[in-house]
Each structure stands twice: as structure tokens, then as C-alpha cells.
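Down below is the structure, laid out as C-alpha cells.
The values are calculated or read from the model by the stated rules, or taken from the named source; none is laboratory data. Only a predicted model underlies this, so the values are computations on that prediction, with no experimental measurement involved. Please note: Cβ atoms are built from the backbone with ideal geometry, for glycine as well, and neighbour counts cover all protein chains shown.
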Amino acid sequence: MARGSAVRPPTRSQRQAIRRRRTWAGLAVVLCVAADVWSVSWAGAEQPLADGSVVRASRVALAAGIAPAVSVDQVERVPETSTDTQGGGGSADGTTRAADADTAGDGRDAAGAVIEKGSGTFTVVAMPAAALKPSPATGRVVRYTVELEGGLDVRAADLATKVGSVLTDARGWQTKDGVRFVDVAPADATAGAQVDLHITLASPTTTDKLCAPLQTRGQVSCHNTGRVVLNLRRWVLGAAAYGTDVDSYRTYLVNHEVGHGIGHAHAYCGGAGRPAPVMMQQTYGLKGCTAWPWPTAKPA
């Protein structure tokens, strides 16, 4: 346009065309947000969410001035064999569960209820040498720490021993995927050593914060961008799929969430009576399968 030329106001038809374009552009943004949020919600109900999906939905929403209500994990009520005694101090059979030397360090408070809220700070736990089984000399290295939230009344050495023994067991991911798990010592972690997975035992309240925007609702665990969050509620109570065998449930829990951390999606029951895949959400039930806590096939 030449300098000094007059600017003509748009005609009525031009103004209408501009309004139509703006309307369609706004509608397109809203539809993109809705599609992204719906896909995030659907994915969370059936399979783990790709790390970028929530970020993508949030960015689109922010650009449009909309805050999406993203429900990533549709958390069902978890069937439990043991009953959390919060609010009454009773056990599953109705008796009172007294805190004594045998129950000290088990993640429960004086009334016998699972501790709901810890300190919100974490300590990297030293790995007892006896916990680790021989690991392969080759394979993709996955460096991890075991971390414990303060205030949970859980023995740190017991936690580290369980995690380390599961990760280096011949039935685990080292055999299944050809990876090599390497524990990062507390001093090395403090000095800034590379850590691929922070395997963290956290209270239900802290779990919800660490897992957000996943909706764990104080009930379940998660993997979220390099942090494997083990919910104290599940660590203490297990789930009905494993009956009273809480130790085997813990094996499943570590393998399942670490499985997400090394790139595995959810799997499903392959048929009635068959061992459940470790990446199946066994916490919610077995859907006809039988409980199996390991990535490798169950021996015949």
C-alpha cells in the first residue's frame, strides 16, 4: 500500500466474513481441546498415557483460555483383603489392632491405620549389598534410586531390600527386556549422578501430588515422568487379587510400575485361568486370570 493512501473501512459483507472466520477459528480451538481431553481421559482408563499427551492438552487449553478437567486414571475402588482401620481402629474381623513391637515400622499409625500423610520430603536409601542378585554384564542400563518419604514408619532397609531383590531377580525385567538395573547410592545421587527412575514409597496424600495430573485419589500407584510412586496404602494393604500375600503383591507393584518406567503399556487377561500379565492392572482384579507378579512367563 502506498504511503498516504486512504484506508477504506470494510464493507458489511467483509465484516460478516471476518466474524465468520473468527467464529470458526474459535470453534476449532475448542474442538481440539475437547478431542485432546477426551483422548487423554480414554487413554487413562485403558492404558498408560504418553508423557506428552497431558502437556499437549494443557497447552491447547491454555491457548484457548480454557482449563481442561483431565481425568487420566479412572480409579475404581480397589478390592482389598485387609481393611484399613482408619476411623475405627478395628481389623477385618472386627477386633482392635493394637500397635506393638511386631507392627512397628509397618506404615501404620498407633491406631493401626495406614499413615495418610508423610513429611513430603524424601531420603535416598542405601541398598543392602545382600539384596542384589547377580546382574547381566550387558544390556540397556537403567539407573535407579530407592527413596522413602519421611514420617511413614517404614524400615528403610526393608524397602530397599524388597525393591533391589525384585529388580535383580531372574524372573524380572532384566531377563524379560535385557535391561540392567544399577542402584545409585545416596552419596552419588546427592552429587548429581544420573538417575533414570526414582522409585519412591510415598503416603497416599503425597502420592496424589507426585502422580498429578493422574488421578490416583489416595488409592493406587503410578509412574510419572521418571518417578515410580508406590502408594503406602497399597504397600501395606495389598489388594484382593493376592489375598493375604502382601509380599507377592509388592513384587507385582514394583514390577508393574517399573514396567511403565521402562516403556511398557498396560496388558490384559489372555483368558480364564491363565497367569495375569504383570502389566495388567491386577490391583483392580484379575478378570478371570490368576495372580502372577513377574514379567517372565510362569513355569508350567
Extreme residue, farthest from residue 149 (Cα to Cα), among residues of region 223-251 that are in contact with a His (Cβ under 8 Å, 6 or more places away or on another chain) and buried (at least 18 other Cβ atoms within 10 Å of the Cβ): 223
Residue match in region 179-200 (condition: crowded, with 17+ Cβ neighbours inside 10 Å, closer than 18 Å to residue 108 by Cα and not basic (Lys, Arg)): yes
Region 133-177 - residue that is of a type in the set (Gly, Ala, Ser) and touching a Ser or Thr at 6+ places or on another chain (Cβ under 6 Å) and, of those, nearest to residue 292 (Cα to Cα): 135
Members of region 204-258 that are under 12 Å from the mean Cα position of the chain (by Cα), on the phi > 0 side of the Ramachandran plot and of a type in the set (Gly, Ala, Ser): 218, 226
Subset of region 249-293 [touching a Pro at 6+ places or on another chain (Cβ under 7 Å) and in contact (Cβ under 8 Å) with a residue 60 or more places away in the chain]: 251, 255, 259, 260, 265, 266, 285
Single match in 138, 161 (criterion: surrounded by 14 or more Cβ atoms within 10 Å (Cβ to Cβ) and at pLDDT 50 or above): 161
